[in-house]
Amino acid sequence: MAQRARRWRKTAAAVTAAGMITAGATAPGAAAAEDPRIDLKVLVVDNGDSPVKAVTAQLKSTGVPYTTIDLNDSGRPRITAAFLSDTVSGRPRAKFQGVVLPHEAPFGAGSAEQTALETYERTYGIPQVDAYTWAHPEVGLDYTSEGGWAGTLDGREASVTAAGKAGPFGYLAGAFRFEDNAPAVQESYGYVARPRSGFTSYVDLPVPGGTGRGSLVGEYAHDGRRELVVTFAYNNSQQQFRLLARGIVEWLTQGVHLGQARNSFAVHVDDVFAPDSRWDTARDCTPGDFDCVGDDGGGTTPIRMTADDAAHAAQWQREHGFTMDLVFNAGSGEGWKTEHGGTDALAARLLADKAQYRWVNHTFTHPFLGCVQDTTSVPWSCAKNADGSTKYMSRAEIAAQIRDNHNWAVGKGLPIDRTELVTGEHSGLKTLPQQPNDNPGLAGALADTGVKWIASDNSREPEQRPVGSALTVPRHPMNVYYNVGTAAEMADEYNWVYTSRDDGGSGVCEDNPTSTCLDEPLDVTTGYAGHIVPQEARTALGHVLAGDPRPHYAHQSNLAEDRLLYPVMEKVLTDYRALFTDDTPLENPRQSAIGIELQRRAAWQSALANNRVTAYRIGKTVTVTAPSGTQIPVTAPEGTKKQLVLGTTAFGTPYAGARSAWTTPAALQSALTLKLP
């Protein structure tokens, strides 16, 4: 596959270079056969529809600079030759390396703006993406009445063609299915049509009710221009778009662009060594929680992994090529041992296999590190000092919780990174509505203990932010509950949360405008495997395919008893590996690496927003300048070299048939310079 991708990029580069040479010979003020400067930025013409929004979101998440022209803004800039190109030091410059349009002619066929754009594309060899259009001869396709079809694509299986695999979609294994999440709702409409001369289909499917196959995505080469023609509707969250998004950007940029996109999946398992309280299916609450009405201190048996569960975890990891992050409370484990005769088979098994996991500090005994909680009323509130100020856990107490857990780990020889921390319930950080600010002692305690990366809850705080000198790492909560050990318990609690009051649920789903109630309660014997697992796996895979590096988290209880977490993780891994080729692996970073990735992305987006990045390509040379110290993300073909003061070195690492990296200018250089193959 990598060889096919290299051949595609080499061919595309050669075709484009030929176009550039021609352009250079005819551009005003240019020397004969002079390569023009092509700025590494994309022009997006936005009509407000979801396909353009989706492609724009992919550009942003990848880190590709772009300029947006809003067609709904009467004061927008007009598309003219001067808007699109000029000269720099006598060299012709194309200001955009690619163009994204809502369809093939948003300014009107033959209009001045459309003509200026088409002339620009022809002159400089600039590709154009038609984000969504219908099948007709002007985009190189027969009408659907001529052996094609138009209709709902939900649930239909499409395939990447041989040309698509040899070209921009070579990272995909082959077939994929359009989502059909709500059978009563039309989710994706499209046109399946036969290609005409000059059209190369990249993604197709069998013509429904007809013969042969018709295109859904393909390249139309005509009149000295190239268009990527997409004939199905989509939005940014739909899996079919997410699968194709990388290839759309690679085609648009001809494989050379700022930014990079890699898929990753990390799973944190919280509360290791500690028991978790169990959901009471009779009272619909969790004994031990202050809001569990009627809790008399008795009730259900806590959930805790056994030695067999630990052995299974290690074996599962080996079989699936995946490493979990064990987020542990050593003090809770020591307390358990004391209460159970001084031995702990679970701890012994986990410590014997310690090298097979990543370990993350979860504090020694899992206390709430924020304000002192007053639980005399529901919901709880922050206790007050005599002067009316909020009473908080002290900096010293927080530091002791972190330090004691870390020291225990070092004493046991665990492979732990002291810069990583997950506090119990993400406490210490602001908790709305009761605690609108971080514990004032938290930042100091993190500095005292060397913590640089503190986990936060992505459902509350999706953006990374500073906590003193540390930064947060938002984590996605998984809908596999901490307080269940069996599938029946999981389905019972899920029903309580997601069914209406009339159906016996809590009605929370009725009261929350962002939630949806189940049509009917799940069968407690089949609901977990039949409904919850595929839904949760689809959500997690959606994060992966969106290039979101944030980790997911569950709890040790989910590795015990019915071992509920494994089916979700297995489906994510299995589905991913069935969709992608081996050279597009699912990366599995630890918390500190994820924190660094989010930090770099934020700095890069800030540099772009402040117009502090200049990047362009002249022939086979790419030059990028950015603020000093800024890590620069770049994607380029195999064989690309980084220019040093003396000689070159290989650029980046391989992924999806290309090479990419976060990098900076070489020593003694003010600009990053890459030499393309």
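Points worth noting:
- Screening the candidates THR640, THR621, THR663, THR625 for the property of being among the polar types (S, T, N, Q), under 30 Å from GLY174 (Cβ atoms) and in contact (Cβ under 8 Å) with a residue 24 or more places away in the chain yields one hit, THR640.
- Residue match in the range 605-624 (condition: of a type in the set (Gly, Ala, Ser), surrounded by 14 or more Cβ atoms within 10 Å (Cβ to Cβ), more than 19 Å from the chain's Cα centre (by Cα) and within 25 Å of LEU244 (Cα to Cα)): no
- Residue within the range 600-618 that is in a strand (DSSP E or B) and of a type in the set (D, E, K, R) present: yes
- Test: residue in the range 54-62 that is part of a loop (DSSP other than H, G, I, E, B) and either in contact (Cβ under 8 Å) with a residue 40 or more places away in the chain or at negative phi (or both): no
- When THR231, THR281, THR306 are checked against the criterion of being buried (at least 21 other Cβ atoms within 10 Å of the Cβ), at pLDDT 95 or above and among the polar types (S, T, N, Q), THR231 stands alone in meeting it.
- Hey, ARG465 at pLDDT 95 or above and within 22 Å of ARG590 (Cβ to Cβ) or not: yes
- Candidate set: the range 651-677, residues that are surrounded by fewer than 13 Cβ atoms within 10 Å (Cβ to Cβ) and among the aliphatic types (A, V, I, L, M); chosen: the one nearest to the chain's Cα centre (by Cα): ALA667
- Every residue from the range 494-531 that is touching a residue at least 24 places away in the same chain (Cβ under 8 Å) and buried (at least 20 other Cβ atoms within 10 Å of the Cβ): TYR494, ASN495, GLY527, TYR528
- Test: residue in the range 115-132 that is of a type in the set (Lys, Arg), over 21 Å from THR614 (Cα atoms) and in contact (Cβ under 8 Å) with a residue 40 or more places away in the chain: yes
- TRP662 falls short on exactly one of the conditions (1) touching a helix residue (DSSP H, G or I) at 6+ places or on another chain (Cβ under 6 Å); (2) not aliphatic (A, V, I, L, M); (3) not in a strand (DSSP E or B), and that condition is (3).
- Selection status of ARG213, closer than 16 Å to LEU43 by Cα and over 20 Å from the mean Cα position of the chain (by Cα): no
- The criterion of at least 2 residues that are crowded, with 21+ Cβ neighbours inside 10 Å is met by the following helices (runs of 4 or more DSSP H) wholly inside the range 71-183: 112-124, 162-166.
- Sub-6 Å Cβ pairs linking a first residue in the range 395-406 that is at pLDDT 95 or above and buried (at least 18 other Cβ atoms within 10 Å of the Cβ) to a second residue that is among the acidic types (Asp, Glu) and part of a helix (DSSP H, G or I), at least 6 apart or interchain, are ALA399/ASP448, ordered by first then second residue.
- Tally of residues being in contact (Cβ under 8 Å) with a residue 60 or more places away in the chain, among the aliphatic types (A, V, I, L, M) and not in a helix (DSSP H, G or I) across the range 407-441: 3
- Search result, residues across the range 409-425 that are among the acidic types (Asp, Glu) and over 12 Å from TRP453 (Cβ atoms): GLU425
- Checked against the criterion of being touching a residue at least 60 places away in the same chain (Cβ under 8 Å), over 30 Å from GLN317 (Cβ atoms) and over 19 Å from the mean Cα position of the chain (by Cα), the range 586-603 contains not a single residue that satisfies it.
- Among the residues of the range 214-253, the ones that are under 22 Å from ARG538 (Cβ atoms), charged (D, E, K, R) and out of contact with any helix residue (DSSP H, G or I) (no Cβ under 7 Å at 6 or more places or on another chain) come to 1 in all.
- Among the residues of the range 551-576, those that are surrounded by fewer than 21 Cβ atoms within 10 Å (Cβ to Cβ) and either in contact with a helix residue (DSSP H, G or I) (Cβ under 6 Å, 6 or more places away or on another chain) or touching a residue at least 12 places away in the same chain (Cβ under 8 Å) (or both) comprise GLU561, ASP562, ARG563, TYR566, PRO567, GLU570, LYS571, LEU573, ASP575, TYR576.
- Output for the range 322-367, where each listed residue is on the phi > 0 side of the Ramachandran plot and touching a residue at least 40 places away in the same chain (Cβ under 8 Å): THR363, HIS366
One line per residue, one yes/no per condition, for (1) of a type outside the set (Phe, Trp, Tyr); (2) in a loop (DSSP other than H, G, I, E, B); (3) under 34 Å from the mean Cα position of the chain (by Cα); (4) within 18 Å of SER557 (Cβ to Cβ):
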residue	(1), (2), (3), (4)
GLN315	yes, no, yes, no
GLY341	yes, yes, no, no
LEU351	yes, no, yes, no
ALA355	yes, no, yes, no
LEU369	yes, yes, yes, no
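- Looking only at residues in the range 434-464 that are of a type in the set (Ser, Thr, Tyr) and within 20 Å of the chain's Cα centre (by Cα), the one that is surrounded by the fewest Cβ atoms within 10 Å (Cβ to Cβ) is SER459.
The values are calculated or read from the model by the stated rules, or taken from the named source; none is laboratory data. Computed from a predicted model, the values in this text were never measured in an experiment. Cβ atoms come from the backbone with ideal geometry, glycine included; neighbour counts cover every protein chain shown.
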